[in-house]
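For reference, the structure is listed below as structure tokens.
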């Protein structure tokens, strides 16, 4: 291979098309476009929800009508017209499969293209997969194994029907309906999502995972995830996304709520690879997500995310450290290319005594993209001996992209210890030279450096996911990882 | 009538008194319009998220300066000057120039008044070239521009090294129950010229004072500017300080801010690096108690390549005080090879004290080295114990640690007399004198 420079890499990055763009033709039963009270009622009815749930949605819709879209984020895009979206779409043959053989073959083909083989995963990885295809769960596996432990892992619509007491108690307790514009919208129209309950003292024996897909043209996807870890329990939850190529912008406004009761631990990992738009910056998914967890006494919540997709990302997985001695962690890699824009980070709200939080955020920008870290560390007056460590590093490739850091630190307690560090740099020429000198070509050298740069976060991903995360990084930074 | 309305209506009266041929007449009219549209900033604005002006705006300030009936005796205010060394002095009492206390010059360098620079034709070209050229057109700066009439005018020609420091001191006497002061300083430092300037605001009574000051500093090629802000006002005075530095290539500008006094202090410190190889240093020590509030809002805008900037702000916060640090580094696309560093360290002494820190980086160039660090912590218990076990009292041990904490900033003060003074101010503020100098 002739001399491969950073410029070549850049060119390659720019021209690398989205590999996983395709469209599956499954007859969907889609609602007319637009949003009003009737649509909210219709969604609720369609999902055979109880009266209280319908009321809850309508309440959220009432709040939403009063709200305006937030504009403070460091992203610029054409605002979606909320009356131009269809708020419900479900695969037509709403089946309840017992085995994987019953699944629509076309759907299976979709997953095969993504490299996700259900049965293979079932056997080899031991991962229970709750697949969300256009808003409705179509397959849930390993339910029985989990059932024996008393673990509930199902779609949220099923949970509303079968475990109303749990859902009613916890839904909206971490992210209230009126929390923000997109959370309110989600609360009103959420179509489906996952629900997970780990009973007292149970250690979930396997990684729980969900694959999200946006499939139907012009369909907004509004996922709602609720994970409850009861006292002393442990769960590791994985979430991964890819989306097909589509020219018109698609909206994704999800809400994830985590509740870690006393001594519980939740590990929530995300690999996000929604369609980022083509290299002219046309199309792509708008990803406006509200993710938040609450920690009771001695509890721990750990967020890990790998963000490589979406045209616009607006996402701040947060921890409310309410109980004494609770721990919050946030590990993130955000890679942006072409015209992608990401404004992501976390909030660590320290309320209890001896609470600890760690923030490690890595940003890689290439092409014309803009990558921002926005984080809040707040120490309330009663949070004695709170401890925080934050580190935000950015890597820039080329001078058409930007990296930004907006950390907010608010401290009202004298015993707090806060450290924040941020750096921005490019790949050092001396580092590349060092590798070249030892017979490693430039491409490999860049790969090594980017890999090393992200390692701190990649290491936090569970085994099964780390492989996929590397794969996804490849799409954004082709040839540089490996 | 709200303060804003009062200001806007006073403007008409103010304009009437001015001579018509003032070269900045139109600037003023535009500026008052900007202020009228935007009003005083509120907490809803991102840049003012942690600082509210509401408590200041309810006072009935007198807006136009009047000649004071009685002058102050030099012996009463001697302590506020660097009286041990020879300096140029530009002194204002309640916004009016005091020739008695001042010591200005036109010998080779111009150290005089903005009012005379505005009215005399020989300064016209300088005013046209520089006045209001670096200042941002935000609401408070515009308010100052609209009423800009008096302040320091310093022009150092090419290759001139000013042999003694220049002091700019603003006194307020309490003649009025509440007064709004709006000094406007213009400082032009020519090619290869050197200057040291010390700026101070001092309220001599317990009446309310709100100062909305704007200072523009232009550093031409290879110019060297050393600027010190001493903020030791009493607790009935509030200060909004807007400073803009525009740097040309190879220039070196340092601004030190020592915030120990005042009720509410807001420092908007802006650096614009227009040429290559500029160096900028922003340092500050903040020591607060009671309900004091100090907000440092810094901006370093790297427009040209191969420049450096260093920021180092230290804060010690006691009782119910609030400290805000909002530092921003912007690196433009063409500004490659930038080395920008920003550090903010804070110590909280009391449970009621608050720190809000927001260090920001906005980087559009790839070949840069930018970093920031922010820490919030306490005095090291082990170090305290170590000293106490060797017979140093708790109070002294704590003071020693605080001195050490602030020393990084203090040691770069280049005027020995000033350094000695600041040392004393710190000793007074923390109530312990170490008996030696660091």
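The values are calculated or read from the model by the stated rules, or taken from the named source; none is laboratory data. Here the structure is a predicted model, which is why all the values come from computation and not from measurement. Note: ideal-geometry Cβ built from the backbone for every residue, glycine included; neighbour counts use all protein chains shown.
Points to keep in mind about this one:
- Matching residues in segment B:110-138 - criterion: being surrounded by 18 or more Cβ atoms within 10 Å (Cβ to Cβ) and in contact (Cβ under 8 Å) with a residue 40 or more places away in the chain: B:110, B:111, B:112, B:113, B:114, B:117, B:118, B:127, B:131, B:132, B:134, B:135
- Residue B:339, sole failed condition from (1) surrounded by fewer than 20 Cβ atoms within 10 Å (Cβ to Cβ); (2) at the interface with chain A (Cβ under 9 Å from one of its Cβ atoms); (3) touching a strand residue (DSSP E or B) at 6+ places or on another chain (Cβ under 6 Å): (2)
- Some residue of segment B:400-410 being surrounded by 16 or more Cβ atoms within 10 Å (Cβ to Cβ) and closer than 20 Å to residue B:326 by Cβ: yes
- Residue in segment B:194-215 that is on the phi > 0 side of the Ramachandran plot and in the same structural domain as residue B:74 (by TED's automatic domain parsing) present: no
- Restricting segment B:38-63 to residues that are in a helix (DSSP H, G or I) and free of Cβ contacts under 8 Å to residues at least 40 places away in the same chain, the residue that is nearest to residue B:214 (Cα to Cα): B:48
- When each of B:410, B:425, B:418 is tested for being at pLDDT 85 or above and in contact with a helix residue (DSSP H, G or I) (Cβ under 9 Å, 6 or more places away or on another chain), the lone residue that passes is B:410.
- Condition met for residue B:41 (modelled with pLDDT under 85 and in contact with a helix residue (DSSP H, G or I) (Cβ under 8 Å, 6 or more places away or on another chain)): no
- One residue from A:454, A:394, A:390, A:380 being modelled with pLDDT under 90 and out of contact with any helix residue (DSSP H, G or I) (no Cβ under 9 Å at 6 or more places or on another chain): A:394
- Among (1) in contact with a helix residue (DSSP H, G or I) (Cβ under 8 Å, 6 or more places away or on another chain); (2) buried (at least 20 other Cβ atoms within 10 Å of the Cβ); (3) farther than 30 Å from residue B:208 by Cα - the single one residue B:380 does not satisfy: (2)
- Checklist (1) under 22 Å from residue B:240 (Cβ atoms); (2) more than 10 Å from chain A (Cβ to nearest Cβ); (3) crowded, with 24+ Cβ neighbours inside 10 Å applied to residue B:316, failing item: (1)
- Residues that are assigned to a strand (DSSP E or B) and within 18 Å of residue B:108 (Cβ to Cβ), drawn from segment B:202-235: B:224, B:225
- Residue in segment B:64-109 that is nearest to residue B:183 (Cα to Cα), counting only those that are buried (at least 19 other Cβ atoms within 10 Å of the Cβ) and touching a helix residue (DSSP H, G or I) at 6+ places or on another chain (Cβ under 8 Å): B:97
- Residues that are surrounded by fewer than 17 Cβ atoms within 10 Å (Cβ to Cβ) and modelled with pLDDT under 85 within segment B:23-38 comprise B:23, B:25, B:26, listed in sequence order.
- Qualifying residue in segment B:118-132 (condition: modelled with pLDDT of 90 or more, closer than 21 Å to residue B:212 by Cβ and either part of a loop (DSSP other than H, G, I, E, B) or in the same structural domain as residue B:35 (by TED's automatic domain parsing) (or both)): yes
- Checked against the criterion of being more than 7 Å from every other protein chain (Cβ to nearest Cβ) and under 30 Å from residue B:273 (Cα atoms), the candidates B:381, B:396, B:411 yield just one match: B:411.
- Strands (runs of 3 or more DSSP E) fully within segment A:325-430 counting 1 or more residues that are more than 8 Å from chain B (Cβ to nearest Cβ): A:327-336, A:341-344, A:347-350, A:356-365, A:370-379, A:387-396
- Only a single criterion out of (1) surrounded by fewer than 20 Cβ atoms within 10 Å (Cβ to Cβ); (2) within 29 Å of residue B:378 (Cβ to Cβ); (3) under 24 Å from the mean Cα position of the chain (by Cα) is not satisfied by residue B:350, namely (3).
- Flag for residue B:360 being surrounded by fewer than 24 Cβ atoms within 10 Å (Cβ to Cβ), at pLDDT 85 or above and more than 7 Å from chain A (Cβ to nearest Cβ): no
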